[in-house]
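These notes are about the structure you will find just below.
The numbers here are math on the coordinates, done by the rules we state, and not lab data. Just so it is clear, the model here is predicted, and its values are computed rather than measured. Virtual Cβ from ideal backbone geometry, glycine too; neighbours counted across all protein chains shown.
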């Protein structure tokens, strides 16, 4: 672990140092390019004001103009001199001395964009690609005294230039055009052609507007790379990638690490020999117990340990096995209880001492019932009836539990669900309403499956009411049931019965007490006030037709 920590810290520090140096190198590189462009611009400005040069231009003789341009190219140590008209046509160029047909041709699109910038700002500097070469160009006007033409000079950006600048930067340099239209995106590089392609593929996978540093692997040698924007154009950028080998920087550390490896290997060997001797008496049984604890933590309560010791460790092993047996039995009970009652109720019963009695809680009660199920089941065998009922209950129960509802009981084909007991949520009312809507929607899909099996489709009614009820363990000391009792439960059951009333045309009927507690908006229809069976006071009821 110590070696790994040292490796991680050292490599991270080396990367940080390289990134910092490359960032400085990037600024130096751009400054060198800008300084070279400024020097070229200053000389171009001086030449544009030369009287003899202007006289030669006014002759309109191509050979004379070309000779003057070639002379200027040598004087200012430039790779390119062009004379361009105000209409963006080439009047003369040193690129093709022997080809007169190059004159009066429209300038390339990239150069045209630079000319437009010069027209807007009086001069321009840009990086453009012409005839397969990339140039850093300067464009200045020829004044007499108003602009009559444009004078463009430039120097080639190639591998030779980058090799020269590499001596100042002390890093490999690559210049890349990010335009997808560019057939040769690597403008120049001090890397080999193969490594240049590797760099290009790596950069193409990242967003250069966000990523300024990355790592590139060249045949097992990892290079730390810093990206700097050299020139922005319409739709693309020309970037510089400065790189240094991480292995070169870490060579002194690698020598030290090899020495540490030898030292730690010898130390580890001695430790292993000593540990093996100790393990025979103490470590092995302790490890066996630790492994047993891990298995119990995973929930594997059937795990037992075998330690044949007649001391404290042996007693500890016996106690461990007794504990695992007890946990296994408790897990079986909890699993069985979770299948008999809802999981939240099972958890509530197991986490504390079971006692008869309860507490008052505000609960939303949902009652659902299959309409005319008695008639449907008359034509089915008991096995078919049970199969159909289990399909329906499984589907509906899953929806109730999805919204955090607790299934209190199954009463034949009816389901009673609670929202708010034994665990309450701020939006229990909305959970109940959404459960009801999903149950009605799910029944449509379930009926298609039921009809394919040869059964009649099912229809359900749902009643929902919210009230203060008594929630807790009801029954006897030898047999009890967690449930809720109270007038609010009866009202929910009666509302479900009202869904059979044809004049209401409602599958879901809710009380005003429930709607008052709801938070979300629903599609509801007032059904008036009714006196439900067992009540003397009227309650206002609504049909729940959907969500807004």
Quiz item: Going by how many other Cβ atoms sit within 10 Å of their own, how do 522, 419 line up, fewest first?
Solution: 522, 419
Practice problem: Given the peptides 532-538, 459-465, 489-495, arrange them by the average over their residues of other C-beta atoms within 10 Å, most packed first. | Solution: 459-465, 489-495, 532-538
Self-check item: Label-to-label distance, nm, for residues given as residue 293 and residue 427 (7 Å Cα→Cβ offset)
Solution: 4.2 nm
Self-check item: Approximate spin-label separation residue 19-residue 520, in nm, with each point projected 7 Å along Cα-to-Cβ
Solution: 4.6 nm
Quiz item: What is the extension gain from residue 10 to residue 204, computed as 0.36 nm multiplied by their sequence separation minus the C-alpha to C-alpha distance, in nm to one decimal?
Solution: 66.9 nm
Quiz item: So how do 263, 455, 51 line up by other beta-carbon neighbours within 10 Å, fewest first?
Solution: 51, 263, 455
Quiz item: Under a no-solvent Debye model with one identical scatterer per Cα of region 373-449, what's log10 I(q)/I(0) at q = 0.15, 0.27 Å⁻¹?
Solution: -0.57, -1.29
Exercise. Extending each Cα 7 Å along its Cβ direction at residue 247 and residue 221, get the distance between those two points in nm, one decimal.
Key: 0.6 nm
Practice problem: Quote the FRET efficiency, to the nearest 0.05, computed for residue 391 versus residue 540 with a Förster distance R0 of 30 Å and r equal to the Cβ-Cβ distance. | Solution: 0.25
Quiz item: Which value, in Å to one decimal place, does the Kirkwood hydrodynamic radius take for region 355-547 when every pair of different Cα atoms is included?
Solution: 17.2 Å
Quiz prompt | Extension gain (nm, one decimal) between residue 179 and residue 322, 0.36 nm per residue minus Cα-Cα | solution = 44.2 nm
Quiz item: By how many nm would the segment from residue 447 to residue 61 grow when fully extended, if each residue of separation counts as 0.36 nm and the alpha-carbon distance is taken off?
Solution: 129.6 nm
